[in-house]
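Participant: Could you have a look at this structure, given as structure tokens, before my questions?
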Amino acid sequence: MPAASDVATSAKATLTINDQSPVALEGLVGTENELGLDVTALRAKTKAITLDPGYRNTGSCTSDITFINPEAGTLRYRGYPIEELAEHCSFLETAYLLIYGELPDQKTLDTFVSLVSDNTAVNDGLLKILDGFPPDASPMAMLSACINGLCGYHPEVLQVEYEEHFDVTAAKLLGKVSTLAAAIYRHRNHEPGHPTPRPDLDYTTDLLRMSFADGHVDKGTAKAMDLIFLLHADHEQNCSASTCRMVGSSHANLFASCAAAVCALWGPLHGGANAEIMNQLQRIHDGQSIDPDSFIAGVKEKKYRLFGFGHPVYKNYDPRARILKAQADAVLTGMDRQDDPLLKIAKRLEEVALADDYFVSRNLYPNVDFYSGLIMRAMNVPTDMFTVLFAVGRMPGWIAQWKETRDQAGKIYRPRQIYTGPAERHVVPAGER
């Protein structure tokens, strides 16, 4: 299969602006027949730029990592369908695929897992950063600060020529973010001491063990969380991935670029979405007079906004949601959480929306955030920790996106704008205004 970087120039278009001579635009066709128009030289040739607020119709790069077909509801990592990876692979196996481009054989996987495990411990001096945060501070603020703080303990990441240290740097970030997540969890819960990793446990089990005070982790819980991590590992040029690439294009180091991605993920329109779903369910529950059916009616009347349904990319069912729905059903049954009032409201919303033509005709199906939120709620994960765990899962994608940006040796990202402020003005001295 040809790489995205080997796209063929096999289509052409012409653009005429006012009475200027037509300008030829080359068309780039990707391996999945995606068509893009190369406007790299547009301003030089015409003095015009394209305007695309939100970049929804702008390709910022070519990439070999992830492919999404919005109409078909398809998601592939490095060409592999997400359904097959979810069935046959672990999170770290998928992380290797995203970062290095191929699924590892057993020996290579064992080496990679060991490298991550060997680099999971975090210096106690860095963890003391958390002591400066109130326990009720945003966990995402703590995570971003700690990831940036890693630069001080691993100065080799500051070298512009990153290749020599990349393997261990990537392993350090993957390993240490799990310990940081556990430390943040413990800090917000007023748990004493810092988490200590156990190399004999698998990645996800150890993260959960370090987080929970009693250290007990059910196998089904660990499996569900590992699947959540895998399904969130990358998702093309989303807000946080694009942020990571933009920061990385300045040759900022991997830790700093991923800390910036954490900040982008923080927002409720991105990684904070599954937390917002739980907040919505809580508001419905606290309102008492608003039952799920009345809330759905209010959504149709545009009185309320419905979080967790539909997706800005997919025009069909989110393929990750299909996978996670079955896992959510199994987790809820296995944990005997059927009486949780918020989960009962959520299941009723799901039932009503899937049967209502208003939502079906608009492709407003439950998305991956809806089901991951239900699972983490069933695990008793605090709502404000949802996005931290999302960041743990997304870390391989950010690493892969950062590496690809550096390997492509492109220019620093520098979008243009259309200025709409005042035309030229001249200063009048203060006494004369």
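Participant: Between 375, 335, 139, whose Cα lies farthest towards the positive end of the dipole of the chain when Lys and Arg beta carbons carry +1 and Asp and Glu beta carbons carry -1, centred on the Cα centre?
Facilitator: 139
Participant: Using alpha carbons only, how many angstrom separate the centre of segment 398-418 from the centre of segment 209-283?
Facilitator: Here the answer is 21 Å between Cα centres.
Participant: At what distance in angstrom do the alpha carbon centres of segment 106-138 and segment 302-319 lie from each other?
Facilitator: Between the Cα centre of segment 106-138 and that of segment 302-319, the gap is 34 Å.
Participant: Of 302/347; 12/315; 176/347; 172/411, which pairs sit farther than 24 Å apart, going by alpha carbon to alpha carbon?
Facilitator: Cα-Cα > 24 Å for 12/315; 176/347; 172/411; rest within.
Participant: Follow-up question, since we're still on this one. Which whole-number percent of Cα pairs in the chain have a distance greater than 35 Å?
Facilitator: Details: 32656 of 93528 pairs.
That fraction is 35 percent.
Participant: How much length is gained if the chain between residue 168 and residue 141 is pulled fully straight, taking 0.36 nm per residue apart and subtracting their Cα-Cα distance, in nm to one decimal?
Facilitator: 7.2 nm
Participant: What part of the accessible area of the chain, given as a whole %, is carbon or sulfur when the probe is 1.4 angstrom?
Facilitator: Carbon-and-sulfur percentage of accessible area, whole number: 51.
Participant: Follow-up question, since we're still on this one. Could you work out the Rg to Rh ratio of segment 83-130, with Rh taken as the Kirkwood radius (inverse of the mean 1/r over all Cα pairs)?
Facilitator: 1.15
Participant: With charges only on Cβ, +1 for K and R and -1 for D and E, what is the dipole size of segment 6-80 about its Cα centre, in debye, rounded to 20? Display every interim value, and only then the final one.
Facilitator: Values: 7 positive and 9 negative charges, 41 e Å.
Once rounded to the nearest 20, the dipole reads 200 debye.
Participant: What nm distance separates the two modelled labels at residue 223 and residue 432, each placed 7 Å from Cα along Cα→Cβ?
Facilitator: 8.0
Participant: Run the quick spin-label model on residue 291 and residue 380: label points 7 Å from Cα toward the beta carbon, then report their separation in nm to one decimal.
Facilitator: In this crude spin-label approximation the distance works out to 3.1 nm.
Participant: If you don't mind, there's one more thing I want to ask. Quick one: compute a quarter of the convex hull surface over the Cα atoms of segment 56-156 and quote it in nm².
Facilitator: On the way: hull surface 40.9 nm².
Computed as one quarter of the Cα hull surface, the answer is 10.2 nm².
Participant: Which one, 25, 62, 104, projects farthest toward the positive side of the charge dipole computed for segment 6-110 from Cβ point charges (K/R +1, D/E -1)?
Facilitator: It is 25.
Participant: Full-extension gain between residue 118 and residue 339, please, as 0.36 nm times their residue separation minus the C-alpha to C-alpha distance.
Facilitator: So the extension gain works out to 75.4 nm.
Participant: While we're looking at this one, here's another question. Please state the charge dipole magnitude for the chain, taken about the Cα centre, from unit charges on C-beta atoms (+1 on K and R, -1 on D and E), reported in debye and rounded to the nearest 20.
Facilitator: 1340
Participant: Can you give the charge dipole size of segment 1-146 about its Cα centre, rounded to the nearest 20 debye, using +1 on the beta carbon of Lys and Arg and -1 on the beta carbon of Asp and Glu?
Facilitator: 740
Participant: Hey, another quick one. Length gain on complete extension for the stretch residue 50 to residue 326, per 0.36 nm per residue less the alpha carbon to alpha carbon distance?
Facilitator: 95.0 nm
Participant: To the nearest 10 square angstrom, how much accessible area does residue 416 have with a 1.4 angstrom probe?
Facilitator: 150
Participant: On to the next question. Non-local amide H neighbours of residue 11 (under 5 Å, H modeled in plane, Pro and chain starts lacking H): which ones?
Facilitator: Close amide H contacts, sequence-distant or interchain: 27.
Participant: Quick one: work out Rg over Rh on the C-alpha atoms of segment 310-433, Rh as Kirkwood radius.
Facilitator: 1.25
Participant: Here is a follow-up. For residue 335, tell me the accessible area in Å² from a 1.4 Å probe, rounded to the nearest 10.
Facilitator: The accessible area of residue 335 comes to roughly 60 Å².
Participant: Further question on the same structure: With a bin width of 5 angstrom, please list the P(r) values of segment 98-192 as percents of all Cα-Cα pairs, from the 0 bin to the one holding the largest distance.
Facilitator: Over segment 98-192, the share of Cα pairs per 5 Å bin runs 2, 12, 22, 20, 16, 13, 9, 5, 1 percent.
Participant: With every protein chain present, what is the per residue accessible area of the chain (1.4 Å probe, Å²)?
Facilitator: Details: 21410 Å² over 433 residues.
Accessible surface, normalised per residue, equals 49 Å².
Participant: Can you give the calculated 222 nm mean residue ellipticity of the chain, where each DSSP H run of n ≥ 4 adds -39,500 (n - 2.57) and the sum is split over every residue, rounded to the nearest 500 deg cm²/dmol?
Facilitator: -15500 deg cm²/dmol, from helical runs alone.
Participant: Also, quick follow-up: Could you give the nm distance between label points at residue 158 and residue 88, where each point is 7 Å from its Cα heading toward the beta carbon?
Facilitator: Calculated label separation equals 4.5 nm.
Participant: Here is a follow-up. Normalise the Debye intensity by I(0) for segment 145-246, one equal point scatterer per Cα, no solvent, then take log10 at q = 0.14, 0.24 Å⁻¹ and round to two decimals.
Facilitator: Listed by q, the Debye log ratios stand at -0.69, -1.33.
The values are calculated or read from the model by the stated rules, or taken from the named source; none is laboratory data. Not measured: the values here are computed from a predicted model. Cβ sites come from the backbone with ideal geometry, for glycine too, and all protein chains shown count toward neighbours. Protein only, heavy atoms only, side chains kept; ligands, DNA and RNA dropped before computing areas. Shrake-Rupley method; radii C 1.70, N 1.55, O 1.52, S 1.80 Å.
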